[in-house]
Amino acid sequence: PHSSAPADIRAVPTSPAAQPHAMASALHASAVCLASAPNALRRRAATRSTSRSVARRARVCRAEAIADPATGVDAETVWKDESECILGTYGRGPTPVFTHGKGCVIWDTEGREYLDFTAGIAVNCLGHSDPDWVAAVTEQAGKLCHVSNLYHTAPGASLARKLTNDCFADRVFYCNSGAEANEGAIKFARKLQKTKAEANGETKWATETVSFSNCFHGRTLGALNLTWKEAYRKPFEPLSPGHTFATYGDLDSAKAAIVKGKTAAVFVEPVQGEGGVFPADETFLKGLRELCDETGAVLVFDEVQCGLGRTGYLWGHQSVNVEPDIMTVAKPLAGGLPIGAVLVTETVANAMSPGDHGSTFAGGPLVCHAANAVYDKVNTPAFMANVVARGEQLRSGLREALKSDARVVEVRGSGLLVGVQLNVQAGPLVGICRDLGLLVITAGAGDVLRLLPPLVVSESEVDKAVAIIAEAMGKME
């Protein structure tokens, strides 16, 4: 099937000078009509005029972003300001300064065009400047952005209904990132264990956690405790006691680590992303479900990277028909705005009480309205079919194009989460691909080329990416 990528934007004035004039004329005409209208009609007309004006402004902004790469942004100034003023936790160096994008294409300050197979690390699932997403954000920003969780708003409630209708979960807790979601999951699992123990008259309960080799669950302190990579953990040791790592894919290792009365929660990614793009098989995930049922541990699926259509299923675990007690999601859910969510069963939810957890920004109307737009586009058979087809095309194309290269060990993945395992470091390849106009990243021990294109990627864009990677491999020493 062909891509579900959005159609071109509607025609708008292309001359920058003409755009403000056209908008001013339209607003003036609306004002003249309103001047003689009765109050009720005037209010209704004003509402319609505002909606039309917002839509016009959104279309004009999209046209300017796509048609005029010369934004006046100076890359040297950006690099200087960042190096002098932003905390140096990202080793970016003088990489491109991006200014605007459309679909799977992004442009830098020099007007250079790149095919984006990183998607903000699996965030921009609809690509850049998707018209439905832009319209949703613009509409809600013009109404109500934030009120805190002291009050009710519609977008978060409607999104929660959709999320719980389409998976195992009964309840949703909103947060702002994947790390926050995993922090919440730790708290919820521990509170459930405490509640169960107290109901049985016990004074001790399970508090420990288990996760797996090569996993990544975040960089905040609790989530960091779950994360495998020593380079992330070591600078902040000693971390909290009571965590055990088992071997990913090895049920005997998991059985030794998951202990009744000690293990509160088991965290696992149905498809590992940061760790090297490793899909878990059905036997492993079903075995974990059985072990957790036997020991009373809470099974947590971290779908921050592999969830919401990335694998060709709405949620990655649905490919093997195994259900967790908790699922954490984030990256693609609001299409680029910060959001996270912890999806839980009623059993977990019943252990939580008002005041047990919270967040000032979480579940706000702006991000949730954007998330509703994303969810409605992703959760369709045609959209999923494109993800499956493009994923198969990408993996088979890479295998064919790279089959004679001795540095390539394996091409693996699920849907549009794809990894090329090398027997050399992939960093130089990333740089060559960028110079050739393709954005990709690494994974694992730096020896995996990770591909995360927007889920709207087209057949021709996949072919182009494969050709660039093959060319880049030929240039890599």
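The values are calculated or read from the model by the stated rules, or taken from the named source; none is laboratory data. Quick caveat, the model's predicted, so the values are computed rather than measured. Here the Cβ is made from the backbone with ideal geometry for all residues, glycine too, and neighbour counts use every protein chain on show. Note: areas computed on protein heavy atoms with side chains; ligands, DNA, RNA excluded. Shrake-Rupley method; radii C 1.70, N 1.55, O 1.52, S 1.80 Å.
Among the residues of region 303-334, those that are open to solvent by 10 Å² or more (accessible area, probe 1.4 Å), modelled with pLDDT of 95 or more and farther than 17 Å from LEU126 by Cβ comprise VAL304, TYR313, GLN318, GLU323, ASP325.
Looking only at region 335-357, count how many residues are surrounded by fewer than 24 Cβ atoms within 10 Å (Cβ to Cβ) and either at positive phi or of a type outside the set (Gly, Ala, Ser) (or both). Qualifying residue count, region 335-357: 12. Under the condition of being in contact (Cβ under 8 Å) with a residue 24 or more places away in the chain and out of contact with any strand residue (DSSP E or B) (no Cβ under 8 Å at 6 or more places or on another chain), which residue from region 205-222 is most open to solvent (accessible area, probe 1.4 Å)? The selected residue is ARG219.
Checking each residue in region 219-278 for being β-branched (Val, Ile, Thr) and part of a loop (DSSP other than H, G, I, E, B) picks out THR220, THR227, THR247, ILE258, VAL259, VAL277.
The residues of region 228-265 that are open to solvent by less than 70 Å² (accessible area, probe 1.4 Å) and within 21 Å of SER414 (Cβ to Cβ), listed by number, are THR247, TYR248, GLY249, ASP250, LEU251, ALA254.
Remark: pairs (first residue in region 452-477, over 18 Å from ASN124 (Cα atoms); second residue open to solvent by 10 Å² or more (accessible area, probe 1.4 Å) and not in a helix (DSSP H, G or I); Cβ separation under 6 Å; 6+ apart in sequence or on different chains) = ILE468/LEU436; ALA472/LEU436; MET473/ASP405.
For region 56-70, the candidate set comprises residues that are over 27 Å from the mean Cα position of the chain (by Cα) and open to solvent by less than 80 Å² (accessible area, probe 1.4 Å); within that set, the residue that is modelled with the lowest pLDDT is VAL60.
Scanning region 300-320 for residues that are in a strand (DSSP E or B) and in contact (Cβ under 8 Å) with a residue 60 or more places away in the chain gives VAL300, ASP302. Scanning region 135-149 for residues that are closer than 19 Å to THR360 by Cα and open to solvent by less than 60 Å² (accessible area, probe 1.4 Å) gives GLN140, VAL147, SER148.
State all residues of region 451-472 that are in contact with a helix residue (DSSP H, G or I) (Cβ under 9 Å, 6 or more places away or on another chain) and either charged (D, E, K, R) or over 30 Å from ALA385 (Cα atoms) (or both); if no residue qualifies, say none. Across region 451-472, the qualifying residues are GLU459, GLU461, ASP463, GLU471.
Got at least one residue in region 405-415 being out of contact with any strand residue (DSSP E or B) (no Cβ under 8 Å at 6 or more places or on another chain) and within 23 Å of ARG310 (Cα to Cα)?
Filtering region 405-415 for residues out of contact with any strand residue (DSSP E or B) (no Cβ under 8 Å at 6 or more places or on another chain) gives 405-406, 415.
Imposing the further condition that a residue be within 23 Å of ARG310 (Cα to Cα) reduces the set to 415.
Yes, there is a match, as at least one residue in region 405-415 is out of contact with any strand residue (DSSP E or B) (no Cβ under 8 Å at 6 or more places or on another chain) and within 23 Å of ARG310 (Cα to Cα).
Looking at region 415-427, can you tell me whether even one residue there is assigned by the TED database to the domain that holds ALA472 and assigned to a helix (DSSP H, G or I)? Before you say what the answer is, go through the steps one by one.
Residues of region 415-427 assigned by the TED database to the domain that holds ALA472: none.
Checked region 415-427: no residue is assigned by the TED database to the domain that holds ALA472 and assigned to a helix (DSSP H, G or I).
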